[in-house]
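Please read the structure below before turning to the comments.
Values in this text are rule-based calculations from the coordinates and carry no lab data. The shown structure was predicted, so the numbers you read here are calculated from the model rather than taken from an experiment. FYI the Cβ positions are ideal-geometry reconstructions off the backbone, even for glycines, and counts take in every protein chain you see.
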Amino acid sequence: VQVWHPNATVGTTVAGDPNGVAGWTNGKMYYPTFVYVDSSVNMYIIDNGNSRVLLWSPGASVGTTIAGTTGINANSTSSFGQAWTMAVDTSNSRIYLADLWYNRIMVWPFFANDSSYIIPLSDIVGVTIDIGGNVYATTHHLNTVTRFPAGSTSGTVIISSGLSLPWALRFDQYGNLYVANTGSGTIVMFCAGFAANSTGSIVVSGLNQPVDIAFDSQMNMYVCEYGNHRVVKLAKSP
């Protein structure tokens with residue numbers, strides 16, 4: 001994992017082997033697919049090839065496993081198959097992990113040996129939560145977003161049109177929901193409080209396989225553009 005400062009042309013490695021060597025020890029990773037940074041600059045990393053989630057503190061040379069079992073890919077409550085996204089709830093010390101291989105969302109308290117409960121969902125790829133703890137997930141080929149009330153394993157499809165191979169989805173600080181469409185190369189926004197089965201508005205187009213979205217404190221948007229191997233910054237409109 002690298003940090004890129006504003007206007008920098010190179011990044012600095014802050015997690016993992018400085019020389020990019022893969023491995024299974026706590027100082028290395030193998031095929032990391034997602035990172036979340038909290039307000040204290042702790043990093044939560046899906047170390048996908050090692051089937052675990054690592055917590056990496058600022059300045060640390062090693063991470064600590066907070067979910068999963070290192071090297072064990074399994075359909076169990078203590079392991080997962082393959083995950084590209086997760087939602088991190090630091091207020092309640094738990095993660096929501098989207099397990100693509102086994103079609104489920106695993107709700108996992110930090111440092112627990114097992115997930116506390118599992119939400120089944122076929123074709124899942126992206127997951128996020130709102131301020132009330134409700135869970136939202138994308139299905140990649142079904143082109144839908146499903147909402148699960150906080151603590152429930154039963155959900156309702158709330159978006160069923162206007163999406164094209166959706167991947168990640170994120171809320172901004174105002175409660176608007178954004179969905180990254182890898183098929184159409186667009187970001188679609190659904191305004192806070194949107195009605196079920198709304199179509200949303202395209203706010204960004206012309207991207208090449210966008211797979212993740214993030215916002216900074218000034219509401220600038222950052223998009224991970226997988227097809228072009230880069231991160232794109234989109235400044236907030238005046």
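So how do 82-94, 9-21 stack up, highest first, on mean other-Cβ count within 10 Å?
82-94, 9-21
Suppose a student asked you for the relative contact order of the chain, using Cα pairs under 8 Å spaced at least 6 residues apart; what percent would you report? Mind showing how you got there, number by number?
Details: 614 pairs, mean separation 19.5, N = 238.
With pairs under 8 Å counted, the relative contact order is 8 percent.
Once amide H atoms are placed 1.01 Å from N in the peptide plane, what residues at a sequence separation of 5 or more from PHE110, or on another chain, have their amide H within under 5 Å of its amide H?
Those qualifying (amide H under 5 Å, at least 5 residues apart or on another chain) are ARG94, ILE95.
Once Rh is set to the Kirkwood radius over Cα pairs, what Stokes-Einstein translational diffusion coefficient, in µm²/s, holds for the stretch 62-198 at a temperature of 20 °C and a viscosity of 1.002 mPa s? Write out the running numbers ahead of the final one.
Details: Rh = 15.1 Å.
It comes out at roughly 142 µm²/s.
Give me a comma-separated list of calculated 3J(HN,Hα) values for the stretch 5-16, in order, Karplus coefficients 6.51, -1.76, 1.60 applied at θ = phi - 60°, integers in Hz, x for any Gly or Pro.
7, x, 6, 6, 9, 9, x, 10, 5, 10, 8, x
Using a 7 Å offset from Cα along Cα-Cβ at SER122, what residues in the stretch 154-168 end up with backbone N under 16 Å from the label point?
Inside the label zone: 155-157.
Mind putting a number on the dipole of the chain about its Cα centre? Charges go on the C-beta only, +1 for Lys and Arg and -1 for Asp and Glu, and I need it in Debye to the nearest 20.
Dipole magnitude for the chain comes out near 120 debye.
Explain nothing, just compute: Karplus ³J(HN,Hα) = 6.51 cos²θ - 1.76 cosθ + 1.60, θ = phi - 60°, for every residue of the stretch 39-48 in order, whole Hz, x for Gly and Pro.
Running phi through 6.51 cos²θ - 1.76 cosθ + 1.60 with θ = phi - 60° gives 5, 9, 6, 6, 9, 10, 10, 7, 8, 4 Hz.
Can you compute log10 of I(q)/I(0) for the chain with the Debye formula, treating each Cα as one identical point scatterer, at q = 0.14 Å⁻¹?
Those come out to -0.91, one per q.
Counting only the backbone N, which residues of the stretch 206-238 are under 18 Å from the spot 7 Å out from the Cα of ASN7 toward its beta-carbon?
Those under the cut-off are 233-235.
If you take the beta carbon distance between ASN220 and SER78 as r and set R0 to 45 Å, what does 1/(1 + (r/R0)^6) give as a FRET efficiency, to the nearest 0.05?
The calculated FRET efficiency here is 0.70.
Once the Cα gyration tensor of the stretch 13-120 is diagonalised, what are the square roots of 5 times its eigenvalues, in whole Å and ordered largest first, as equivalent ellipsoid semi-axes?
On the way: eigenvalues 88, 51, 23 Å².
Over the Cα atoms of the stretch 13-120, the semi-axes work out to 21, 16, 11 Å.
Would you kindly state how much longer the chain becomes between THR90 and THR153 on full extension, computed as 0.36 nm times their sequence separation minus their alpha carbon distance, in nm to one decimal?
Full-extension gain reported as 20.6 nm.
Give me a comma-separated list of calculated 3J(HN,Hα) values for the stretch 143-153, in order, Karplus coefficients 6.51, -1.76, 1.60 applied at θ = phi - 60°, integers in Hz, x for any Gly or Pro.
For the stretch 143-153, the Karplus curve yields 6, 9, 10, 10, 10, 10, x, 3, x, 9, 9 Hz.
Quick one: length gained pulling VAL62 to HIS141 fully straight, 0.36 nm per residue minus the C-alpha distance? Present the calculation step by step, with values, prior to reporting the outcome.
Values: separation 79, 0.36 × 79 = 28.44 nm, distance 3.68 nm.
Residue separation times 0.36 nm, minus the Cα-Cα distance, leaves 24.8 nm.
Any idea what log10 I(q)/I(0) is at q = 0.12, 0.14, 0.19, 0.22 Å⁻¹ for the stretch 69-131, Debye with uniform C-alpha scatterers and no solvent?
-0.25, -0.34, -0.64, -0.86
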